[in-house]
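The values are calculated or read from the model by the stated rules, or taken from the named source; none is laboratory data. Keep in mind that this is a model prediction, so the values were computed, not measured. Quick reminder, even Gly has a Cβ in these numbers, built from the backbone with ideal geometry, and neighbours come from all protein chains shown. Surface areas here come from the heavy atoms of the whole protein model, side chains and all, with no ligands, DNA or RNA. Shrake-Rupley method; radii C 1.70, N 1.55, O 1.52, S 1.80 Å.
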Amino acid sequence: MSKKISVWQLDKLSPEQQEKLLQRTESDLSNYIAQVQPIIEQVIEQGDAALVEFARRFDRAEISIDQLGVTESEFDAASTQTDDETLTAIRFAADNIRRYHETQKPGEMTMQEVRSGSFVGERFLPIPSVACYVPRGKGSFPSVLLMNAIPALVAGVKRTIVITPPGEDGSVDAATLTACREIGITEVYKCGGAQAVAAVAYGTETLPRCSKIVGPGSPWMVAAKQLLSNRIDPGIPAGPSESIVFADDSVDGALAALDLLIEAEHGPDSSAYLVTTSAEVADAAIAAFPEHWANMSPQRVEYSSTVLSGQMGGVVLANSIEQAFDFINAYGPEHLQLLSRDPWQYLGRIENAGEVLLGTHSPSTLGNYVLGCNAVLPTSGAAATVSPLGVMDFMKFMSVAYVTESGYPEMAQHAKVLATYEGFDAHANAVSELRQKYLN
């Protein structure tokens, strides 16, 4: 392999150079935003006609307006094109994902007595509608469909639709349509990128306006979600794939290299670092990449080698465990693997990560497909404040309060003091002796 793996020795980097290692493709969206704005405006002005034009321009797909929505016959055809082994895997993954997310769903209502006779709580409700985005440009992703849509269905969202770019022949990936049918999704629309975000933010003649959009995508899609956040809830930030694999000296560096390629192969805009304190692990990993690339397609080799030889990937050498995890927490990776014979010793050191996969038998592949935990995770450092996609992303709650006659006097006494102090006369009057006159 002609591309040389990037090696970053933290001790030899200035604070500014270390800061550059934390950058992702979407860290600066200004260039994408400038390109996305006219796309959004065209969708607003022309609706379906714009979607057809952009499908031709960006996806090289010749479709007509009446082909934007997937038909029942297309679902039927997809079923015949999906082999039994793939269907079995889809069902296995869907079952695990549903089981996991059902544990997240709260009851209809909670209520607690904060003072004698005074009760507060929450009532939980699903959001009205959501568009689940399934990318297509660098592959086909029925797994993304399952991760996006199942928690929405568990939450009870009234209308869950899928938007996904068409292939050059105008079709939707067969396994993705099969997965939709398996879990009960009947509305699928052929549009992708920034134009898809605009379509569900405003609605077109064919596509419904939605309350929220979820799912990973390109920087163009991320830019569109940012621009349209006043029209549609953009969901968690989910941009190009990123990962950190931490490996201590108890594991083979070649195994670390094998797992580092998982997220690196998504595309040249991905980010992937091996973090270790062991020069031996680092050397073994670097030596193993050619062997692993020999078992991958040329496209995935090109993607992953570009990432690992560039500014957003490679091997990071730390001089101590503390320095290693300081870097990991500053980065806040989407995916984090802890490769060690005793991975649990490191879990308490992790503060910022979308997911943590422990040990040598828990590669990201399992989390991405079949374990059940959600693989739609915060990117670009958002893991410092944002959680993985889950049922509560598709639900809202309203506060509920009830004060009994016996509980009212104590509450009113203290509320009146605070209202008077803040100068709100009506607030104070509403809990004064004036209220008692009307109650009597």
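Numbers below:
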item	result
Residues located in region 201-227, provided they are buried (at least 21 other Cβ atoms within 10 Å of the Cβ) and part of a loop (DSSP other than H, G, I, E, B)	T204, L207, C210, G215, P216, G217, S218
Hey, S229 without any contact (Cβ under 8 Å) to a residue 24 or more places away in the chain and under 30 Å from R209 (Cα atoms) or not	yes
Pair list, Cβ under 7 Å, 6 or more apart: region 360-383 residue at pLDDT below 95, other residue basic (K, R) and in a loop (DSSP other than H, G, I, E, B)	T379/R24; S380/R24
Matching entry among E302, E322, E351, E291 (being part of a loop (DSSP other than H, G, I, E, B), open to solvent by 70 Å² or more (accessible area, probe 1.4 Å) and modelled with pLDDT of 95 or more)	E351
Selection count where residues are open to solvent by less than 30 Å² (accessible area, probe 1.4 Å) and within 21 Å of N96 (Cβ to Cβ), scope region 364-391	11
Of all residues in region 1-49 being surrounded by 13 or more Cβ atoms within 10 Å (Cβ to Cβ), of a type outside the set (A, V, I, L, M) and in contact with a strand residue (DSSP E or B) (Cβ under 9 Å, 6 or more places away or on another chain), the one that is farthest from D269 (Cα to Cα)	Q9
For A330: the one exception among (1) under 23 Å from the mean Cα position of the chain (by Cα); (2) open to solvent by less than 40 Å² (accessible area, probe 1.4 Å); (3) in contact (Cβ under 8 Å) with a residue 60 or more places away in the chain	(2)
Unmet criterion (only one of (1) modelled with pLDDT of 95 or more; (2) crowded, with 23+ Cβ neighbours inside 10 Å; (3) small (G, A, S); (4) closer than 30 Å to S6 by Cα) for A179	(4)
Residue pairs meeting the criteria (Cβ under 9 Å; at least 6 apart or on separate chains; first under 15 Å from T178 (Cα atoms), in region 54-81; second in a helix (DSSP H, G or I) and among the β-branched types (V, I, T))	F75/T178; A78/T176; A78/T178; S79/T178; Q81/T178
Helices (runs of 4 or more DSSP H) within region 1-93 that include 1 or more residues out of contact with any Cys (no Cβ under 9 Å at 6 or more places or on another chain) and closer than 24 Å to S380 by Cβ	15-21, 30-46, 48-58
